[in-house]
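The values are calculated or read from the model by the stated rules, or taken from the named source; none is laboratory data. Model, not experiment: these values are computed from the prediction. Neighbour counts run over all protein chains shown; Cβ positions are idealised from the backbone, glycine included. Accessible surface areas use protein heavy atoms only, side chains included; no ligands, DNA or RNA. Shrake-Rupley method; radii C 1.70, N 1.55, O 1.52, S 1.80 Å.
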2 protein chains.
Amino acid sequence: VSEPTDPRPELEELSAVACERRLRHTTVGRVGVVVDGHPEIFPVNYVVDEAGYLYFRTDPGAKLHALRHAETIALEIDGFDTERHSGWSVLVVGDAYRVADPDLLDAVARSGLQPWAAGDKPHVLRLLPTKVTGRYLPGTPWH
Amino acid sequence: VSEPTDPRPELEELSAVACERRLRHTTVGRVGVVVDGHPEIFPVNYVVDEAGYLYFRTDPGAKLHALRHAETIALEIDGFDTERHSGWSVLVVGDAYRVADPDLLDAVARSGLQPWAAGDKPHVLRLLPTKVTGRYLPGTPWH
């Protein structure tokens, strides 16, 4: 007697190359930070530089408070097809710190990193990925 | 001399009613948990019950490990229009714990909460929202 077959696809790992490609082709992610001992999640626009560092802007609010010192944060991107029940996600974990170097700030400004909302969001944060993992459910059109 | 006007819209708060409506009309969110002192973010399917509690399934992995005891977590939903630079997000923060009550597990199963991937994901987690906040950039078609 054979086991009944589960018709749903298995969740699979994305390769490091696939994770990096998706990070470079996505512009909106979600940053996870620990605030007062619990996690919070905020959408951000981000860019990736040649070396693979991620940059995003923030303003002097809750997010920045949590990142005043170099600190381990998360950045997640994903895409879903709720009709086909397919999707993918990439999670980056690493230390983030506020960029102070004027040359680097200029380079980030030239990269086109621009907040969608009014206001300066003068602080640029740089995330150095130490762990990048991704998963997908087959059927996603981006696979 | 008047200030130059920033053409970008201001980020605005979503009302509690608008946050709840979006939570009830969305089926995929992202859970933030603290793992080894840093945040991690995972997509989940979830459902909301009459009382406003959120339920999602998980399997005995990293997520569950972080939630073995009642613990404060985050769940975020969002939507973006990268062409129009509009979007919205809702963040729920609250304590989550694993559901053991068979009647409640039955009710959750009947609600249609079903993981997309193969496998049982036998553990159901219940999130009791203590803080629900939302923001949007005008122009989003869901506003």
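Looking for something under 27 Å from A:P138 (Cβ atoms), modelled with pLDDT of 90 or more and facing another protein chain (nearest Cβ under 9 Å) - is there at least one such residue anywhere in region B:59-76? The answer is yes; a qualifying residue exists. Checking each residue in region A:118-132 for being open to solvent by 30 Å² or more (accessible area, probe 1.4 Å) and not in a loop (DSSP other than H, G, I, E, B) picks out A:R126, A:L128, A:P129, A:T130, A:K131, A:V132. For region B:35-57, the tally of residues that are surrounded by fewer than 19 Cβ atoms within 10 Å (Cβ to Cβ) and within 11 Å of chain A (Cβ to nearest Cβ) stands at 3. Picking from residues in region A:77-96 that are at pLDDT below 90 and out of contact with any Gly (no Cβ under 9 Å at 6 or more places or on another chain), the one that is surrounded by the fewest Cβ atoms within 10 Å (Cβ to Cβ) is A:E83.
Looking at B:P141, B:P115, just one residue is at pLDDT below 95, surrounded by fewer than 20 Cβ atoms within 10 Å (Cβ to Cβ) and within 9 Å of chain A (Cβ to nearest Cβ), and that residue is B:P115.
Within region B:83-110, take every residue that is assigned to a helix (DSSP H, G or I) and among the charged types (D, E, K, R) and give me the one that is farthest from the other protein chains (Cβ to nearest Cβ). Before the answer, list the steps.
Our first condition is that a residue be assigned to a helix (DSSP H, G or I); within region B:83-110, this holds for B:102-110.
Among the residues that remain, those that are also among the charged types (D, E, K, R) are: B:103, B:106, B:110.
Numbers: B:D103: 26, B:D106: 21, B:R110: 19 Å.
Checked region B:83-110; the qualifying residue farthest from the other protein chains (Cβ to nearest Cβ) is B:D103.
Evaluation of A:V1 against the conditions (1) modelled with pLDDT under 90; (2) surrounded by 15 or more Cβ atoms within 10 Å (Cβ to Cβ); (3) among the aliphatic types (A, V, I, L, M) shows that the sole unmet condition is (2). Within region B:15-34, the set of residues being open to solvent by 20 Å² or more (accessible area, probe 1.4 Å) and either of a type in the set (S, T, Y) or part of a helix (DSSP H, G or I) (or both) comprises B:S15, B:A16, B:V17, B:E20, B:R21, B:R24, B:T26, B:T27.
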